[in-house]
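Encoded as structure tokens, the structure appears first; notes follow it.
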């Protein structure tokens, strides 16, 4: 039987007279309501990400979903980074799940000129065993799926998908399937053959304390050797960089966790792992947005005298100041990332950045003053790039970046399902359903003089 023609039985739904979905009921169910009851449905969560460049990234989002589901379902967690198709088959045989959540983080490696697609490997390693051995309801999700939901629903032959955050939508979908509700009424849920018109409602769970406990769910050794333990202090991004997928995945507003909740997670994880070499990484879109949020977290770490090693992803030059960098050094930051992407006034505007070259120069000077090791990221070849704008970026690198810091340069700008696609004609979605070779579309228009 052809791989994608196998069909599973989806619970019958009475869509003409759907049962009302009770959001409060499903989100407030506790383990005391049904501890170990044999009628509890089984959910298998499977992360398909096997990328190791530049370093392996643990499945934070899926781990948070696991923590949400386990109070009401029997849940197994499989990390594709360390399992084979044989292990998937074994789990399917032994666990016999009713539902399978398949997370797709990346579509390909985004290497211009020699792009490697991850989709064929995911189909072979994970989907084939599922199609062969299970009649469970297949639900797709993850950041890669959120950007290409229509295409991936077709390629994978899934029963449902969830775009954006899944901590609320996933249990609501399961409730709808169990009670005869209408999944199409749940924000973010994707049905086969139905065009996606919206994204998942932003999760309300950031208001409550939570912890991924990643190291208890999977073999964490490969991640600790080259990566860091991810900590999310907020979701969303208000900025409009033309290529960035964060607003698509998390929305365009900042939803913050409290500093106490964030540092509680760090302290609990440190005490549980007890590894002096453990590094915590803040994985927000920009750590120092909005103003005061990063400072509060650093102050809480300092107050508790945790003595941890920290690093962070993007730092917004607008909000870099001496007070913040001083607090970061005192809290235990060993390294930061700075992602201006260009140091040309023209290109900063073209990229939709919220800062000027003056902001960037001041930030670089402060970073050197406070001796903060930094990894700088630049994208050459975006809309309007010329030899002159390239030379402006190189001049900034030579003048303002410390010789001991690292600089990473990417050639070409991908335009896929972002604000950039609006001004790029068909390049933003220049591919047919199922044809993932065309997902390697880049815009790289560097002209001389």
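The values are calculated or read from the model by the stated rules, or taken from the named source; none is laboratory data. Fair warning: this is a prediction, and the values are worked out from it, not measured in the lab. When we count neighbours, we look across all protein chains shown, and the Cβ atoms used for this are built from the backbone with ideal geometry, even at glycine.
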**Complete:** Of those in region 66-91 that are buried (at least 18 other Cβ atoms within 10 Å of the Cβ) and part of a loop (DSSP other than H, G, I, E, B), the residue modelled with the lowest pLDDT is 83
**Message:** Based on this model, can you work out whether residue 371 counts as on the phi > 0 side of the Ramachandran plot and over 25 Å from the mean Cα position of the chain (by Cα)?
**Reply:** yes
**Request:** Out of the residues in region 328-352 that are out of contact with any strand residue (DSSP E or B) (no Cβ under 7 Å at 6 or more places or on another chain) and over 15 Å from residue 389 (Cα atoms), state the one that is surrounded by the fewest Cβ atoms within 10 Å (Cβ to Cβ).
**Result:** 330
**Request:** Return the total of residues in region 96-126 being crowded, with 18+ Cβ neighbours inside 10 Å and closer than 13 Å to residue 45 by Cα.
**Result:** 9
**Prompt:** Any idea which residue in region 379-425 is modelled with the lowest pLDDT, counting only those that are part of a helix (DSSP H, G or I) and under 18 Å from residue 244 (Cα atoms)?
**Reply:** 425
**Complete:** Residue hits (region 353-371; assigned to a loop (DSSP other than H, G, I, E, B) and surrounded by 21 or more Cβ atoms within 10 Å (Cβ to Cβ)) are 353
**Complete:** Checked 151, 178, 165 against criteria (assigned to a loop (DSSP other than H, G, I, E, B), in the same structural domain as residue 63 (by TED's automatic domain parsing) and touching a residue at least 60 places away in the same chain (Cβ under 8 Å)); the one match is 165
**Number of the exception - residue 139 against (1) within 15 Å of the chain's Cα centre (by Cα); (2) outside any helix (DSSP H, G or I); (3) buried (at least 23 other Cβ atoms within 10 Å of the Cβ)** = (1)
**Test: residue in region 47-65 that is over 15 Å from the mean Cα position of the chain (by Cα), closer than 24 Å to residue 230 by Cβ, surrounded by 15 or more Cβ atoms within 10 Å (Cβ to Cβ) and not assigned by TED's automatic domain parsing to the domain that holds residue 381** = no
**Prompt:** Any residue in region 293-305 that is touching a strand residue (DSSP E or B) at 6+ places or on another chain (Cβ under 8 Å), at pLDDT below 95 and surrounded by 15 or more Cβ atoms within 10 Å (Cβ to Cβ)?
**Reply:** no
**Prompt:** Among helices (runs of 4 or more DSSP H) lying entirely in region 201-293, which contain 1 or more residues that are under 30 Å from residue 184 (Cα atoms)?
**Reply:** 246-250
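Quick grid of which residues meet (1) under 15 Å from the mean Cα position of the chain (by Cα); (2) farther than 26 Å from residue 141 by Cβ; (3) outside the structural domain of residue 354 (by TED's automatic domain parsing):
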| residue | (1), (2), (3) |
| --- | --- |
| 245 | yes, no, no |
| 256 | no, no, no |
| 262 | no, no, no |
| 283 | yes, no, no |
| 288 | no, yes, no |
| 294 | no, yes, no |
